[in-house]
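These notes concern the structure reproduced below.
The values are calculated or read from the model by the stated rules, or taken from the named source; none is laboratory data. All values reported here derive from a predicted model rather than from experimental measurement. So basically every Cβ, Gly included, is an ideal-geometry build from the backbone, and we count neighbours across all protein chains shown. The protein model used for the area step is the full one, side chains on, heavy atoms only, and it has no ligands, DNA or RNA in it. Shrake-Rupley method; radii C 1.70, N 1.55, O 1.52, S 1.80 Å.
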Amino acid sequence: MLIGRRPTLRRAALTAGAVFSLLLLAGVASAEVLGQPTPGGLGLPATVTEVGAETQFFYNVILLPIISFIGLFVLGLLIYVCWRFNEHANPVPSKLTHHTGLEVVWTLVPVLILVFIAIPSFRLLAHQVEIPEPKVTIKVTGNQWYWSYAYPEDQGGGFSFDQFMKTDADLKPENGDVRLLSVDNEAVVPVGEVIKLQVVASDVIHSYTIPAFTVRIDAVPGRLNETWFKAEKEGIFYGQCSKICGKDHAFMPAAIRVVSKEKYAEWLVEAKKKFAKVDDGRVRVAAEADAR
Ligand SMILES: [Cu+2]
């Protein structure tokens, strides 16, 4: 009986191993596409910031092995108990209800595991929360259902613009447009510089998220939240609103393009001209009223 089963078991194990390796390969291959989700992607998206690398290390190397071990250990215990103490194997159950040694162990061990996790966790949290001296500060406002960006005057900005998702009709895949993620006006930042984001909302709670920067912060009306990132690679990085904010919650992506310092300076000059006319809603309304 057992001899008959073995080849089947081995085949099943080999198949499982092959499927797992393929999934891993798919995950590794897809990790190369920066800043956007990839079909067949597995694991966390590729990151381009130091905080992102630390976060992924914390998750993949510290947390994942611990939770996997705990999950397997509890599963093993359950299977053992079902097998060893079922009605047939153990017809006369023990009357034992307390075991001081065991109770001390199963209280202490989880506490020690939590302390072990807390140390790197707080270090990471501090790195995320303490914002270094920023080169560029951008105010991001969440609206139903789009993001607005304001670049301050004293850093060469002095303009603001809205960022809307491109509709399917406007999409140009040949130019690298991605459905549900590409926007009309990308926010632009220089590579290798500390960017501070001040995030707020004008109507309901939104959440500004760019996975490749490991940036995710709530946009709350009447409250200015701050976060930061320093992108080490150029490219276009997408995110989506991560707080259910109404009808078009799924259609307010965020897009940040990271460019060289020279290109950023050029973009500032262009953007100043491009967005000068629509820098203030009231100005626009007044101008429209005059025209009438
Ligand atoms: Cu939203």
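In the set 150, 169, only one residue is under 19 Å from residue 217 (Cβ atoms), open to solvent by 30 Å² or more (accessible area, probe 1.4 Å) and not in a helix (DSSP H, G or I); that residue is 150. Residues in the range 163-186 that are aliphatic (A, V, I, L, M) and within 16 Å of the ligand (Cβ to nearest atom): 4 in all. Residues of the range 216-259 that are within 16 Å of the ligand (Cβ to nearest atom), open to solvent by less than 30 Å² (accessible area, probe 1.4 Å) and either charged (D, E, K, R) or in contact (Cβ under 8 Å) with a residue 40 or more places away in the chain (or both): 219, 238, 241, 245, 252, 253, 254, 255. Which members of the range 113-147 meet the condition of being within 16 Å of the ligand (Cβ to nearest atom) and surrounded by 17 or more Cβ atoms within 10 Å (Cβ to Cβ)? If the condition is that a residue be within 16 Å of the ligand (Cβ to nearest atom) and surrounded by 17 or more Cβ atoms within 10 Å (Cβ to Cβ), then 140, 141, 142, 143, 145, 146, 147 are the ones that fit. Scan the range 222-234 for residues that are closer than 19 Å to residue 34 by Cα and either out of contact with any strand residue (DSSP E or B) (no Cβ under 6 Å at 6 or more places or on another chain) or assigned to a loop (DSSP other than H, G, I, E, B) (or both) and the total you get is 5.
Give the residue, chosen from 70, 79, that is over 30 Å from residue 192 (Cβ atoms), surrounded by 10 or more Cβ atoms within 10 Å (Cβ to Cβ) and within 30 Å of the chain's Cα centre (by Cα).
The match here is 70.
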